[in-house]
Structure formats: C-alpha cells, structure tokens
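Here is the structure we will look at.
The values are calculated or read from the model by the stated rules, or taken from the named source; none is laboratory data. Quick caveat: nothing in here was measured; it's all calculated off a predicted structure. As a convention, Cβ positions derive from the backbone with ideal geometry for all residues, glycine included, and neighbour counts pool all protein chains shown. Accessible surface is based on the protein model in full, side chains and every heavy atom, while ligands, DNA and RNA are left aside. Shrake-Rupley method; radii C 1.70, N 1.55, O 1.52, S 1.80 Å.
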Amino acid sequence: MTNRYKISLIAPIYGVEPYIRQFAESALGQTYEDIQFVFVNDGTKDNSMAVLDALIEERFAHLRPRITIINKENGGLPSARKSGLEAAEGEYILFADSDDWLELDAVERVMALAERTDADILYFDLVKEYGGGKQSVKHERTYTAENRLRWIENMFNYRSFGYTVTKCFRRKLYTENRIVFPKLGMHEDICLMAQIIFYAQSIAQLPEPLYHYRKDNPAAMCSQKRSVRHIASSRNMMGVVEAFKDNLKGSPMEFVADGVVLRAGWHSMIHDCNLFEEFPWLAEAIKRAKVSVNYRTPLLFQLFVKAYNRLRR
C-alpha cells in the first residue's frame with residue numbers, strides 16, 4: 001500500500017449548502033500541509049458543490065492538486081465514507097462532516113501526536129454547537145490498546161463516543177482487515193469505529209477539543225423521530241453482528257453481540273418493526289444471549305424481550 005500523503009481528510013457532502021463554506025474554509029485552511037482532501041458528492045441536490053468549487057477557485061486554487069472530488073449517486077453517509085476511503089492515499093484517515101468545522105490547526109496537532117507516538121489511532125475531544133453561541137465540550141475517557149475492548153463495549157452502551165470525526169486512524173487498519181460497512185445513517189460511526197479500534201495495536205489520546213459538531217442542523221439524522229433512529233440503529237448493528245456471527249469469538253463483535261440482539265428485539269417489539277423476519281437468526285441469538293445491567297437496554301426490558309421471544313415461537 002502506497003501512501004502519497006501523510007493524511008487524507010474525507011468529507012461526504014449532501015444537503016449542506018448553508019454550512020459548506022464554513023466547513024470548507026476550516027478544512028482547506030488547515031495549517032498542516034501534507035493533506036489529501038477527499039470531497040464526496042453524495043448526489044446532493046442543492047448548490048453545495050457549486051459553493052465548494054467557487055471557494056476553491058476564490059481562495060484555495062493552489063490546493064487543487066491535493067483535492068479529490070468524487071461524484072456519485074446518493075447512497076447515504078456510510079456509502080459516501082466508503083467511497084472516500086477507497087480514493088484515499090494518506091497513511092492516516094480523518095473523517096469530517098461537511099456541516100461541521102475544525103480548528104484550523106486540528107490536523108497539525110493530531111499529526112504531531114502521531115509523530116510522537118506512532119499510534120494506529122489518535123483521538124481527541126469535540127465541541128457540540130447548539131446555535132446562538134451555546135456550546136458544550138465533550139471529553140472522552142482515556143483508552144489504550146490494552147483496554148480497547150472496553151472502549152468498544154462503552155461505545156455500544158453509550159458510555160463513550162462512537163464519532164468517526166474524533167478518531168484519526170491508519171488507513172491500513174481498513175485495507176488489511178475485514179471491515180463491514182453499515183448501510184444506514186444511524187450509529188454507523190459506532191459500527192465502523194468498533195471494528196477499526198479492534199484491530200489497532202496502539203492508541204494515543206489528545207485531550208483537546210479540535211472539532212465542532214453542529215447540533216442545529218434540522219436535516220441531520222439525529223433530528224429525526226426516535227422510532228426511525230432506533231430502527232436504523234438496530235439494523236446497522238445487527239448487520240455487523242450478522243457478518244461475524246459464525247465466527248464471533250475473537251471478532252470485533254464478540255463482547256457486544258448479546259447487547260445488540262437484545263436491543264434489536266426490544267426495538268422490534270416497541271416500534272412494530274419485525275426484525276425477527278429481517279434477521280431469521282435473531283430469535284435463537286436472543287435465546288442464547290446473556291442479560292446484563294451494563295447494556296444500553298435496561299435490564300427489565302431485556303427480560304421482556306426474553307419472555308416475548310419464548311412466547312412468539
């Protein structure tokens with residue numbers, strides 16, 4: 001695998017016309033130089049790409065040799081990220097969402113940590129931006145390669161952040177291992193990063209907020225109905241577990257699979273969405289699953305799922 005750049009910054013673009021200029025200025029204006037910029041036009045119907053191209057022409061024309069633009073039919077966020085990864089030529093990968101923005105020296109600070117530690121994964125904090133000047137800094141726990149399985153468990157149980165945008169990782173973790181991409185745009189970051197983290201041999205933390213995560217975009221997936229988000233989340237997580245279920249031991253999903261299937265059973269019950277038909281192996285998996293107070297789904301609900309699973313057969 002040849003690395004033409006030290007890092008590739010990948011940004012899917014869809015429906016972000018009001019925000020793309022601020023994002024692109026923060027991305028293209030990075031103080032670190034050895035960057036490949038990969039913009040993935042996921043079939044956006046607005047003028048996001050026109051705004052981006054005008055900005056490049058106006059202020060960043062000198063960067064065009066390092067800018068890769070991919071135009072594809074709309075396939076959703078995971079599909080766009082995957083397309084960006086396939087075009088990436090950097091040793092490291094950093095994702096960003098094109099309705100957010102970065103500190104101008106974010107990449108420089110992350111790459112300085114990479115030079116000091118030679119870590120496979122480098123992670124940092126973020127600022128949630130609520131609009132009107134309201135914001136909050138979100139600090140991540142400290143993890144190392146030795147307790148990376150706890151990190152994975154904590155992400156699936158919402159005790160740590162699954163965000164792709166706060167984790168810079170070596171591209172070979174993707175190219176040299178089996179990585180299953182989720183299909184839908186809800187908790188796809190947890191599904192992807194759990195696998196990347198599993199294969200990492202070294203991890204380093206930069207406890208500084210380098211990324212600004214916009215929470216006031218009404219088109220974002222997190223603003224949709226809870227039932228829609230729950231179902232999409234379970235479908236994504238079940239899809240990854242399904243990919244590893246025949247060889248679960250020693251896989252990225254080994255210690256989270258029980259929590260995932262019990263949560264899927266609960267979502268199937270309360271949202272009238274028959275995940276048991278979509279995943280015919282779900283009933284048997286729930287039968288074998290161990291309940292735990294550590295799962296995202298409350299213990300009482302897990303017991304309801306167990307009882308429902310027995311009654312439905």
Inside the range 158-182, the number of residues satisfying the requirement of being open to solvent by less than 30 Å² (accessible area, probe 1.4 Å), over 19 Å from S79 (Cα atoms) and part of a loop (DSSP other than H, G, I, E, B) is 1
When the range 129-156 is checked residue by residue, the ones that are within 21 Å of G185 (Cβ to Cβ) and crowded, with 16+ Cβ neighbours inside 10 Å are E129, I152, M155, F156
Selection from the range 267-290 of residues at pLDDT 95 or above and among the aromatic types (F, W, Y) yields F279, W281
Output for Cβ contacts, cut-off 7 Å, separation at least six or different chains, first residue over 19 Å from N274 (Cβ atoms) in the range 296-313, second surrounded by 12 or more Cβ atoms within 10 Å (Cβ to Cβ) and basic (K, R), reads R296/R263
In the set S79, S26, S83, the lone residue that is among the polar types (S, T, N, Q), in a helix (DSSP H, G or I), in contact (Cβ under 8 Å) with a residue 24 or more places away in the chain and farther than 23 Å from L173 by Cβ is S26
Looking across the range 280-303 at residues that are in a loop (DSSP other than H, G, I, E, B) and open to solvent by less than 70 Å² (accessible area, probe 1.4 Å), the single one that is farthest from K245 (Cα to Cα) is P298
V241 vs (1) at pLDDT 95 or above; (2) closer than 23 Å to T44 by Cα; (3) of a type outside the set (D, E, K, R): all pass except (2)
Taking the range 33-73 and keeping only residues that are outside any helix (DSSP H, G or I) and either within 20 Å of L192 (Cα to Cα) or of a type in the set (K, R) (or both), one is left with V38, F39, V40, D42, K45, K72
Counting only residues in the range 187-203 that are among the hydrophobic types (A, V, I, L, M, F, W, C) and over 15 Å from I93 (Cα atoms), the one most open to solvent (accessible area, probe 1.4 Å) is identified as F198
When P280 is run through (1) over 24 Å from M193 (Cα atoms); (2) in contact with a Pro (Cβ under 7 Å, 6 or more places away or on another chain), the failure sits at (2)
Taking first residues from the range 86-115 that are farther than 19 Å from K128 by Cα and second residues anywhere that are assigned to a helix (DSSP H, G or I) and open to solvent by 50 Å² or more (accessible area, probe 1.4 Å), the pairs with Cβ under 9 Å that are 6 or more apart or on different chains are E91/K172
L275: passes all of (1) closer than 26 Å to L9 by Cβ; (2) in contact with a Leu (Cβ under 8 Å, 6 or more places away or on another chain); (3) among the hydrophobic types (A, V, I, L, M, F, W, C) but (1)
Practice item. Confirm whether E73 is surrounded by fewer than 17 Cβ atoms within 10 Å (Cβ to Cβ), more than 16 Å from the chain's Cα centre (by Cα) and free of Cβ contacts under 8 Å to residues at least 60 places away in the same chain. Key: yes
